[in-house]
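Worksheet: the structure to be examined is printed underneath.
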Amino acid sequence: MTVVEAQDVRKSFGSYDVLKGVDFQANEGEIVAVIGKNGAGKSTFLEMLMTIQTPDAGGIHLFGKELHCLSINEKEQLRKQISVVLQPTQFYKTMKVYELLKLFQSYYDSTKDVNQVLAEFHLEPYRRTYFDKLSGGWKQIVSLAIAFMSQPRLLILDEPTTGLDPHMRNMLWNYITDYNKRMGGTVILTTHNMDEVELYCDKVMLLNNGIAEVLDTTERILERGYRSIHEFYLQNVTV
Ligand SMILES: Nc1ncnc2c1ncn2[C@@H]1O[C@H](COP(=O)(O)OP(=O)(O)OP(=O)(O)O)[C@@H](O)[C@H]1O
């Protein structure tokens, strides 16, 4: 089943054309990496899938529904099936880990038990720690635990592992791949780490000069003769 489909999506900020006609597709159960250099428009594209930005032209279908045609109410229903991990905002600072999970449990009307979530994510030692006092890695783990409170069909992650040490990165990816396998959930993420793309992602969209220059499986990209996804990136993206 197609979960996300974008056709000829365009977006400009002033005179700067960031996306010049992007085509994209993600199917149920796929882990898809959106890659490209700084400023390529990766976050802008993800924000459209999150329904917080609208394209200037082109269409986006989520779960078979064209976003442009939905009422506010229908959009809200659709958002319930999506979880996102963004950079945490100011308000997280003043809350303890347990309080944050409790808060999102009620926002999402989740049946998940907060104590169970704390145990699953090895967060028990930090339950009374203020979010702001956690290391960058644990902040990301808490953000992911929050995202999973709603048991989403689609998970969108903007640079989830940036700045994390190898163990924390590994832990985060274990949660993501486990969710993907257990629930058949679709994951779309941005990253600058090409090793992670090769290890964990089924599919890659390379954004370059405002278009999706490549949209293919990691397997097929490597079959073209690249020794790694890292090499593929370096050969296809100019500085
Ligand atoms: N709201 C906005 N107003 C004006 N320009 C914007 C806005 N949002 C993004 N941009 C510009 O659009 C371009 C694409 O930004 P975006 O954050 O999508 O890129 P990115 O590929 O995610 O980059 P990075 O890898 O550095 O995070 C950048 O030049 C950015 O400055």
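The values are calculated or read from the model by the stated rules, or taken from the named source; none is laboratory data. This one's a predicted model, so the numbers in the text were calculated from it and none came from an experiment. Neighbour counts are summed over all protein chains in view; Cβ atoms, including those assigned to glycine, are modelled from backbone coordinates with ideal geometry.
The number of residues in segment 38-71 that are more than 16 Å from the ligand (Cβ to nearest atom) and either among the aliphatic types (A, V, I, L, M) or free of Cβ contacts under 8 Å to residues at least 24 places away in the same chain (or both) comes to 9.
Scoring Leu118 on the criteria (1) farther than 30 Å from Asp195 by Cα; (2) out of contact with any strand residue (DSSP E or B) (no Cβ under 8 Å at 6 or more places or on another chain); (3) buried (at least 16 other Cβ atoms within 10 Å of the Cβ); (4) modelled with pLDDT of 90 or more leaves a single failure, condition (1). Scanning segment 41-56 for any residue that is in a strand (DSSP E or B), touching a helix residue (DSSP H, G or I) at 6+ places or on another chain (Cβ under 9 Å) and assigned by TED's automatic domain parsing to the domain that holds Lys11 turns up nothing. Tallying residues that are farther than 27 Å from Asn236 by Cα, in contact with a strand residue (DSSP E or B) (Cβ under 7 Å, 6 or more places away or on another chain) and part of a loop (DSSP other than H, G, I, E, B) within segment 157-211 yields 1.
Within segment 72-85, can one find any residue that is in contact with an Asp or Glu (Cβ under 6 Å, 6 or more places away or on another chain) and within 16 Å of the ligand (Cβ to nearest atom)? Among the residues of segment 72-85, not one is in contact with an Asp or Glu (Cβ under 6 Å, 6 or more places away or on another chain) and within 16 Å of the ligand (Cβ to nearest atom), which makes the answer no.
Look at segment 197-226: where a residue is farther than 21 Å from Val4 by Cα and a partner is within 14 Å of the ligand (Cβ to nearest atom) and modelled with pLDDT of 95 or more, sitting 6+ places away or on another chain with Cβ atoms under 8 Å, you get Asn209/Lys20.
Whether any residue in segment 70-78 is assigned by TED's automatic domain parsing to the domain that holds Asp216, among the β-branched types (Val, Ile, Thr) and outside any helix (DSSP H, G or I) is what I want to check. There is no residue in segment 70-78 that is assigned by TED's automatic domain parsing to the domain that holds Asp216, among the β-branched types (Val, Ile, Thr) and outside any helix (DSSP H, G or I).
Residue count for segment 14-35 satisfying the condition of being surrounded by fewer than 15 Cβ atoms within 10 Å (Cβ to Cβ), more than 12 Å from the ligand (Cβ to nearest atom) and either among the β-branched types (Val, Ile, Thr) or outside any strand (DSSP E or B) (or both): 1. Is it the case that some residue within segment 132-141 is among the acidic types (Asp, Glu), surrounded by fewer than 17 Cβ atoms within 10 Å (Cβ to Cβ) and at pLDDT 90 or above? Looking for residues that are among the acidic types (Asp, Glu), surrounded by fewer than 17 Cβ atoms within 10 Å (Cβ to Cβ) and at pLDDT 90 or above, one finds at least one in segment 132-141, hence yes.
The combined condition, being more than 28 Å from Lys102 (Cβ to Cβ) and either surrounded by fewer than 21 Cβ atoms within 10 Å (Cβ to Cβ) or in contact (Cβ under 8 Å) with a residue 24 or more places away in the chain (or both), is not fulfilled by Asn180. So, Thr54, is that one polar (S, T, N, Q), touching a Leu at 6+ places or on another chain (Cβ under 7 Å) and closer than 22 Å to Gly21 by Cα or not? Here the answer is no, as Thr54 does not meet what is asked.
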